[in-house]
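*Asks:* Structure in structure tokens, see below.
The values are calculated or read from the model by the stated rules, or taken from the named source; none is laboratory data. Quick caveat: nothing in here was measured; it's all calculated off a predicted structure. Please note: Cβ atoms are built from the backbone with ideal geometry, for glycine as well, and neighbour counts cover all protein chains shown. These area figures cover heavy atoms from the full protein model, side chains too; ligands, DNA and RNA do not enter into them. Shrake-Rupley method; radii C 1.70, N 1.55, O 1.52, S 1.80 Å.
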Amino acid sequence: MSVPNDVAQDDAAWAVAIFASRETPEELLTTLDATLVAAQKPTLIDILINGNGALAETFSKRLDSTATSGHAATVRVWSIDVGDKANAWNQYVHRIWSAGSSVFFMDGYVRPDPDALALLESGMMSAPGVLGATGIPRAGNSAARQRRQMLEKGGLHGNLYCLRSETVEAIKKTPFYLPLGIYRTDSILGAALKFNLDPAHNQWKPERVQVNPDAGWDTRAKNWWRLSDIKSQMKRILLQAKGDLENRAFRHSFAIRNLPLPELPRTASALVLNWAAACPEDARVIMRRNVFSGWALKKLKNPRDWGGANDAPRLVCTRALH
């Protein structure tokens, strides 16, 4: 079922999806300002706030009273009851997206450079066979390592990337859905793109995702003495252990089993548990290497209730910003 779309903006050249959940209204406004500066073409910006209805309402009210800078754009704020980025991504691609020759995806705490969107699109469009393009982080403790890895081996970074409109149409037609609850949303999407959305019939080609080292972004600096940052880092360590299990699971599904994308399990829990059952020795090796992997696997055996994941997102407000 599609979401009613009274402001389809068929003339929009770009579409931008911003995923938010735990950001403050101020942080989200900073991201929006930076996006408006980078929006060098007619742009439809959808802000998808998942699992935080209060933020959706507060942020929408702030839009009425806060001056913004940059280019003109139409901004829509959506509230999605289920707090999960994968579900929000699925909702955007399959229910909300309707316009834009290029589709940009970014997190709610990311501030793209003024030329980042244009660089991603121009590089992607100049290379036939490329389905999407990604920027590379330059801030954070792991940024240097990630830059080296992505330039050497390829990859897709979830903070900021873009897809051709034809790619999004193909994702909808396949259909391909991110497993609910998955932490490595960018890794599994990147893998699907490198198999040209059909692991059963296509070879792995990293060049289908273009890595653009010139497309950058900033994020708020984290401080070791701030309690919220300490908690976020601890949570990230635990989630990364879960992500390592997910990576093994979808690699097994794509590269070994050649599983068609529509046959992927609906949830990350089912994806990982299926792999662990099929490859118990591999699972034991990972858990011996990382003490947190056992915790992650145990938690996946008690999956959350995904009731409400099929509920349509609610359009909270639409604003034409100039």
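*Asks:* Arranged from highest to lowest average of other beta-carbon atoms within 10 Å per residue, in what order do the peptides 128-138, 95-105, 143-153, 179-189 appear?
*Replies:* Ranking the peptides 128-138, 95-105, 143-153, 179-189 by packing returns 179-189, 95-105, 128-138, 143-153.
*Asks:* When the Cα atoms of the chain are enclosed in a convex hull and the volume is divided per residue, what value in Å³ results?
*Replies:* 134 Å³
*Asks:* Also: Would you list, by chain and number, the aspartates and glutamates whose Cα falls below 14 Å from the Cα of K41, excluding same-chain residues fewer than 8 positions away?
*Replies:* Excluding near neighbours in sequence, the set is D10, D11, D115, E121.
*Asks:* Cross-link list K61/K85; K194/K298; K85/K194; K172/K194: which exceed 27 angstrom alpha carbon to alpha carbon?
*Replies:* K194/K298
*Asks:* Further question on the same structure: Tell me which of C279, T66, L32 sits at the most positive position along the dipole axis of the chain, charges placed on C-beta atoms (Lys, Arg +1; Asp, Glu -1).
*Replies:* My answer, from the dipole projection, is C279.
*Asks:* Can you give the extra length, in nm with one decimal, that the chain gains between V285 and D11 once fully stretched, where that is 0.36 nm per residue apart less the Cα-Cα distance?
*Replies:* Using 0.36 nm per residue and subtracting the Cα-Cα distance, I get 93.4 nm.
*Asks:* Return a whole-number percent for the relative contact order of the chain, with Cα pairs under 8 Å and 6 or more residues apart as the contact set.
*Replies:* Across the chain, relative contact order equals 22 percent.
*Asks:* Show me the ranking of peptides 283-292, 169-178 by mean Cβ neighbours inside 10 Å, starting with the highest.
*Replies:* Values: 283-292: 14.3, 169-178: 16.7.
Per-residue Cβ counts within 10 Å, averaged per peptide and sorted highest first, yield 169-178, 283-292.
*Asks:* Relative to the present Cα-Cα distance, how much length would full extension add between S122 and W295 at 0.36 nm per residue of separation? All intermediate terms of the calculation are to be shown ahead of the outcome.
*Replies:* Working: separation 173, 0.36 × 173 = 62.28 nm, distance 4.33 nm.
Here the answer is 58.0 nm.
*Asks:* Same structure again: How much of the accessible area of the chain, in percent, comes from carbon and sulfur atoms when a 1.4 Å probe is used? Could the numbers behind the result be given before it?
*Replies:* Values: 7600 of 14880 Å².
That fraction is 51 percent.
*Asks:* For region 47-194, just say rounded, prolate or oblate: build the C-alpha gyration tensor, square-root its eigenvalues into a ≥ b ≥ c, call rounded for a/c under 1.5, and beyond that prolate if a/b exceeds b/c, oblate if not.
*Replies:* Judged from the Cα gyration tensor, region 47-194 comes out rounded (a/c under 1.5).
*Asks:* Of G83, L297, F176, which is farthest on the positive side of the dipole of the chain, counting Cα position, with +1 on Lys and Arg Cβ, -1 on Asp and Glu Cβ, and the Cα centre as origin?
*Replies:* Ranked along the dipole, the leading option is L297.
*Asks:* Report, in degrees rounded to the nearest 10, the 0 to 90 angle that the Cα long axis of helix 53-65 makes with the longest principal axis of the chain.
*Replies:* For 53-65 against the chain, the angle is about 30 degrees.
*Asks:* Further question: Cross-link candidates for K173: which aspartates and glutamates have Cα within less than 19 Å, leaving aside residues fewer than 8 places away along the same chain?
*Replies:* D198, E263
*Asks:* Of the options L321, S142, A15, report the single residue whose Cα projects farthest towards the positive end of the charge dipole of the chain (beta-carbon charges: Lys, Arg +1; Asp, Glu -1).
*Replies:* Highest projection toward the positive end goes to S142.
*Asks:* Could I ask something else about it? I'd like the per residue volume of the convex hull spanned by the Cα atoms of region 36-99, given in cubic angstrom.
*Replies:* Hull volume normalised by residue count: 86 Å³.
*Asks:* So what is the accessible area of the chain per residue, in Å², with the probe set to 1.4 Å?
*Replies:* 46 Å²
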